[in-house]
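Everything on this sheet refers to the single structure shown next.
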Amino acid sequence: AQKITQTQPGMFVQEKEAVTLDCTYDTSDQSYGLFWYKQPSSGEMIFLIYQGSYDEQNATEGRYSLNFQKARKSANLVISASQLGDSAMYFCAMREGPYNFNKFYFGSGTKLNVKP
Amino acid sequence: EAQVTQNPRYLITVTGKKLTVTCSQNMNHEYMSWYRQDPGLGLRQIYYSMNVEVTDKGDVPEGYKVSRKEKRNFPLILESPSPNQTSLYFCASSPGATLEQYFGPGTRLTVT
């Protein structure tokens with residue numbers, strides 16, 4: 001079974017609107033971490049946001065927030081007020097614990113296009 | 001400047017010719033990892049290292065070797081490359097496995 005599933009291969013959003021990128025995960029561990037990374041067309045991987053499985057509040061970093069629904073095993077990324085520079089691939093990732101906490105799993109990504 | 005460097009950035013080689021992709025970080029991070037990125041598959045972990053002389057397999061270790069003799073360096077070795085190892089490779093490091101990873105710029109490898 002896939003550890004991380006991103007069901008939206010591509011998405012469009014109008015500039016200045018909010019957009020939600022979906023991510024579901026599969027783990028039987030109680031302790032795990034969830035990450036989102038951005039990969040612009042230049043290729044580098046940029047860390048955006050982190051959520052620990054025991055964190056009670058949803059993580060936020062500037063215009064990025066993580067909508068963490070533990071019971072549904074979902075960790076959606078919300079980008080508010082989209083900008084043209086947000087056009088990129090976005091990857092959801094998970095680190096499992098406690099016995100495999102050094103292993104990371106990435107989803108297949110969502111390509112976001114922001115329209116002017 | 002804190003960074004992860006990889007060399008070479010681009011490499012075209014032939015089947016069976018041994019190659020090494022170097023990875024170095026200047027942040028004194030304990031954790032380092034190698035990934036390959038293929039279209040539609042995202043990133044898949046090849047090997048990781050929790051500290052000097054401590055390495056373990058990720059999801060797709062077949063055909064690859066690593067070593068961690070110094071904290072800053074984590075080279076990826078392909079003893080006998082095959083065309084199915086054509087991919088974009090990323091090295092990453094972090095202060096610990098639970099924290100964000102800093103990625104290198106990537107190495108695009110083509111095996112013909």
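Observations on the structure shown:
- Residues of the range B:69-86 satisfying the condition of being buried (at least 19 other Cβ atoms within 10 Å of the Cβ) and either within 13 Å of chain A (Cβ to nearest Cβ) or under 10 Å from the mean Cα position of the chain (by Cα) (or both): B:74, B:76
- Residues that are loosely packed, with under 15 Cβ neighbours inside 10 Å and either facing chain B (nearest Cβ under 9 Å) or touching a Lys or Arg at 6+ places or on another chain (Cβ under 6 Å) (or both), drawn from the range A:20-41: A:26
- Residue in the range B:32-43 that is open to solvent by less than 30 Å² (accessible area, probe 1.4 Å), free of Cβ contacts under 8 Å to residues at least 12 places away in the same chain and within 11 Å of chain A (Cβ to nearest Cβ) present: yes
- For the range A:10-57, a residue qualifies if it is touching a residue at least 60 places away in the same chain (Cβ under 8 Å), in a loop (DSSP other than H, G, I, E, B) and in contact with a strand residue (DSSP E or B) (Cβ under 6 Å, 6 or more places away or on another chain), and the qualifying residues are A:15, A:22, A:23, A:27, A:29.
- Strands (runs of 3 or more DSSP E) within chain B that include 1 or more residues of a type outside the set (Gly, Ala, Ser) and at pLDDT 95 or above: B:4-7, B:10-13, B:19-25, B:31-38, B:42-51, B:76-78, B:87-94, B:107-111
- Test result for residue B:89, touching a Leu at 6+ places or on another chain (Cβ under 8 Å), of a type in the set (Phe, Trp, Tyr) and either in contact (Cβ under 8 Å) with a residue 24 or more places away in the chain or away from every other protein chain (no Cβ under 14 Å) (or both): yes
- Among (1) at pLDDT 95 or above; (2) open to solvent by 70 Å² or more (accessible area, probe 1.4 Å); (3) touching a Ser or Thr at 6+ places or on another chain (Cβ under 9 Å), the one test that residue A:54 misses: (1)
The values are calculated or read from the model by the stated rules, or taken from the named source; none is laboratory data. Remember, predicted model here, so these are calculated numbers, not experimental data. So basically every Cβ, Gly included, is an ideal-geometry build from the backbone, and we count neighbours across all protein chains shown. Just the protein is used for accessible areas: all its heavy atoms, side chains included, with ligands, DNA and RNA removed. Shrake-Rupley method; radii C 1.70, N 1.55, O 1.52, S 1.80 Å.
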